[in-house]
Amino acid sequence: MAKPSASATPAVVGAQKKPSTFRIFGVGALTGASILIALVAYFFSSESALIVERARRAVAKPSPTSTTTAGPAGGTSVSGVPLTGVIHDYYWTVTNFTDAPDGVSRTVLGINNKAGDQALIEVNLGDRIRVHVQNGLTAPTSIHWHGMFQNGSNIMDGPSGVAQCPIPPGKLFVYDFIAAQTGSYWWHSHYMAQYVDGLRGPLIIHDPKEKTKYGYTDERTLTLADWYNRAVSNDLLAGYLSPTNDGSEPVPDSILVNGNGFFECKYASVSQHCVAKDSTTAMTRITVNPGTTYRFRLISMSSFTAYNFSIDGLKLTIIETDGVDTMPYAVDRITINNGQRYSVLVTTPPSTKAKNTYIRVIGLHDYPWTASPPGPGYRFNGAAILQYAANSLALPTTVMPKTFIDFDQSKVGSNPPAAAPSKATVTVPISFTFQTTATDPIQRAYVAFNPDLKNLHTYQAPATPVLIDLLKNKKTVAQLSPNSNVFELKRHDVVDLIVINYDGGEHPWHLHGHTFWIMGQGTATAFSQIPKTFPTTNPPRRDVVTLQACDLDPTSGDCAAGNFGYTVLRFVADNPGVWFFHCHIEWHIEAGLALVFAEALSDLKAAQYPFPQCYTDLCV
Ligand code: C2O
């Protein structure tokens with residue numbers, strides 16, 4: 001990647017001409033088949049017991065340390081969801097140990113000396129989740145519950161430097177919150193780039209009505225993740241953010257499905273211990289019965305790579321985007337970006353036709369994704385197997401179709417349909433780019449709260465978390481470090497974020513504490529060209545959006561003169577808290593592609609301050 005100068009001129013690699021695009025969302029979302037919501041009394045208590053049991057199997061013995069438990073604020077409901085009274089306690093020690101998820105041994109991070117995938121959190125709507133996190137590392141850590149609104153429990157959100165001080169080595173913190181949403185989520189470290197090393201896993205919240213609402217028999221979870229077998233995240237980060245690097249991000253070595261991947265040992269270096277996998281172990285096998293409808297929960301825990309997901313010859317009917325139930329929408333293939341989740345219904349063929357089938361999880365490389373290609377030994381294709389009958393290890397003979405009906409973000413709306421507010425009360429333009437400066441030779445990301453890259457700041461996690469500075473230290477937003485990139489929102493603001501991307505790559509941005517409606521995306525050369533009004537009938541809604549890239553100049557490979565990509569997101573400031581908004585490419589958050597919303601501060605203070613001691617004790 002060519003290194004741009006200190007000016008705001010962005011540079012990209014992989015110069016492919018991309019057609020100019022302009023899309024407005026929110027139309028056509030009502031045309032999906034309507035779903036009969038049967039009135040069914042749910043076997044709530046027995047299912048809860050089952051889930052508690054499953055959860056217990058996923059964790060190890062209780063941690064030996066004890067502490068005061070920070071509890072949710074009391075009351076009988078959260079965000080209108082009645083509490084069930086069921087509490088799930090998970091006892092986690094964050095550890096490092098040796099593992100070889102793709103065949104190559106290295107030091108990894110996980111829970112109780114097992115891969116993060118196995119630390120599954122699975123509960124019912126209205127249950128209470130208590131995760132006792134003992135930091136068994138020599139480095140600090142913190143855990144974020146990706147997609148949880150944490151309404152009334154901002155201190156449990158997890159990002160270090162924003163919502164908490166990280167948990168020091170040897171210390172315990174109990175994350176304690178109510179599962180007030182349903183759907184597919186995940187948890188991951190939110191301290192530096194730790195989740196790249198494996199500190200990430202699934203989090204599922206069942207809706208008592210889910211099976212009858214969508215008509216499926218059983219479900220399977222597939223976590224999709226990228227994996228680096230050559231170095232740990234701190235070393236990768238040091239190489240990435242070095243003055244001699246031109247902004248090229250580290251590219252993963254393999255793709256993991258449910259924590260299992262494949263790397264060709266002949267490409268491992270002599271210092272690496274690599275055990276070749278055979279055809280029975282090289283791919284995760286998802287066992288199913290013929291003639292049955294399953295819900296597949298697809299959870300991208302990736303740090304860099306986006307994927308194209310498909311199952312040879314089978315339709316994927318989307319019913320969930322990032323915890324939002326959607327109108328059923330059948331496609332052949334879905335592009336899944338970092339942090340995004342989809343639930344899809346898959347109906348297996350009858351037994352006469354059922355045969356083992358490839359599940360494709362294909363890494364997307366080059367423009368506008370990772371720019372650089374992966375190295376030798378990386379396997380792009382065929383990352384898992386849909387397998388019938390538990391003892392049939394036969395490799396599939398299915399082939400990938402040549403053409404696909406692809407997922408189109410603009411065509412998926414909520415179920416039941418939900419209109420976006422008709423107009424915004426506040427518009428927040430945000431522009432960003434990557435650059436070096438006269439005083440900083442390292443290429444970093446810079447963010448501005450205006451459309452024109454004026455007054456740029458690269459995000460740096462402050463030593464005192466934003467939440468503590470605002471509430472305990474009584475600072476105003478203006479008194480915070482400009483590198484905390486904090487923007488204040490008033491309670492009940494209807495916010496339009498107009499995110500302007502002066503980079504030639506697409507970026508998956510995630511907002512904590514909320515879902516947003518995706519109102520429109522496109523490219524333009526002036527802020528005034530961005531539409532001011534958008535259709536509001538059931539636009540797509542989720543918590544990670546892939547931001548539109550600029551149009552490239554075919555000869556220079558840079559953004560065409562003055563061109564940028566834009567994405568308009570709308571949400572309601574109904575959740576008092578400080579909420580991170582950042583690119584979910586982990587390297588980019590470390591490069592500073594992040595900002596913080598301080599939302600409804602006086603309500604936040606009234607409801608959630610003073611802080612409990614177990615929380616302030618983390619700040620040493
Ligand atoms: Cu998965 Cu700050 O996010």
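Read-outs: derived from the displayed coordinates by stated rules, not from any lab. Because the structure is predicted, anything quoted here is derived from the model rather than measured. We place every Cβ from the backbone using ideal geometry, glycine too, and count neighbours over all the protein chains shown.
Here each label is just a point 7 Å from Cα along the line to Cβ, and for Asn483 and Ser242 those points are 2.1 nm apart. Taking every C-alpha pair closer than 8 Å and separated by at least 6 residues, the mean separation divided by the residue count of the stretch 248-356 gives a relative contact order of 28 percent.
The simple spin-label model puts a point 7 Å past each Cα toward its Cβ; for Gln613 and Ala463 those points are separated by 2.6 nm. Overall, the chain carries a charge dipole of about 820 debye about its Cα centre when +1 sits on the Cβ of Lys and Arg and -1 on the Cβ of Asp and Glu, all other atoms neutral. Under 16 Å Cα-Cα from Lys114, which lysines qualify once same-chain neighbours fewer than 8 residues away are excluded? Answer for Lys114, where 16 Å is the Cα cut-off: Lys61, listed by chain and number. Rounded to two decimals, the Cα radius of gyration of the chain over 2.2 N^0.38 Å is 0.91. Spread over its residues, the convex hull of the C-alpha atoms of the stretch 90-196 is 97 Å³ per residue.
Using only side-chain charges placed at the Cβ, +1 for Lys and Arg and -1 for Asp and Glu, the dipole size of the stretch 202-312 relative to its Cα centre rounds to 460 debye. By the Cβ distance rule (another cysteine Cβ under 4.7 Å), the unpaired cysteines of the chain are Cys583, Cys614. At each listed q (0.09, 0.15, 0.17, 0.21 Å⁻¹), what is the log10 of I(q)/I(0) that the Debye formula gives for the stretch 153-306 modelled as equal alpha-carbon point scatterers? For the requested q values the scattering log ratios are -0.43, -1.04, -1.18, -1.37. Taking every C-alpha pair closer than 8 Å and separated by at least 6 residues, the mean separation divided by the residue count of the stretch 426-608 gives a relative contact order of 28 percent. Here Lys353 is the anchor, and the lysines within straight C-alpha reach of less than 30 Å, apart from those fewer than 8 places off in the same chain, are Lys211, Lys213, Lys277, Lys315, Lys402. Counting neighbouring Cβ atoms within 10 Å and putting the fewest first, the residues Glu488, Glu210 line up as Glu488, Glu210. Each of Gln529 and Ile405 was given a label point 7 Å from its Cα along the Cα-to-Cβ line. The distance between the two points is 3.3 nm. Lys-Lys pairs in the stretch 426-608 that are eight or more residues apart or on separate chains and whose Cα atoms lie under 27 Å of each other come to 11.
Which log10 I(q)/I(0) values, to two decimals, does the stretch 394-548 give at q = 0.13, 0.14 Å⁻¹ under the Debye formula with one point per Cα? For the requested q values the scattering log ratios are -0.79, -0.89. Of all beta bridges that DSSP places with both ends in the chain, some 75 percent have antiparallel geometry. Here the translational diffusion coefficient of the stretch 121-182 follows from Stokes-Einstein with Rh set to the Kirkwood radius across Cα pairs; for 10 °C and 1.306 mPa s it amounts to 130 µm²/s.
Estimated from the Cβ-Cβ distance and a Förster radius of 25 angstrom, the FRET efficiency linking Lys266 and Asn381 is about 0.85. Rounded to two decimals, the Cα radius of gyration of the stretch 533-620 over 2.2 N^0.38 Å is 1.57. Based on the Cβ-Cβ distance of Thr98 and Ser279, what FRET efficiency does E = 1/(1 + (r/R0)^6) give at R0 = 30 Å, to the nearest 0.05? The value I calculate is 0.75.
Each peptide among 565-571, 519-525 gets the average number of other Cβ atoms lying within 10 Å of its residues, and from highest to lowest they stand as 565-571, 519-525.
Ordering Lys411, Lys454 from the fewest to the most neighbouring beta carbons within 10 Å gives Lys454, Lys411. Can you give the FRET efficiency to the nearest 0.05 for Lys472 and Thr427, using r as the Cβ-Cβ distance and R₀ = 41 Å? Calculated value: 0.85. Based on the Kirkwood approach, the hydrodynamic radius assigned to the stretch 256-402 is 16.5 Å, with every pair of different Cα atoms included.
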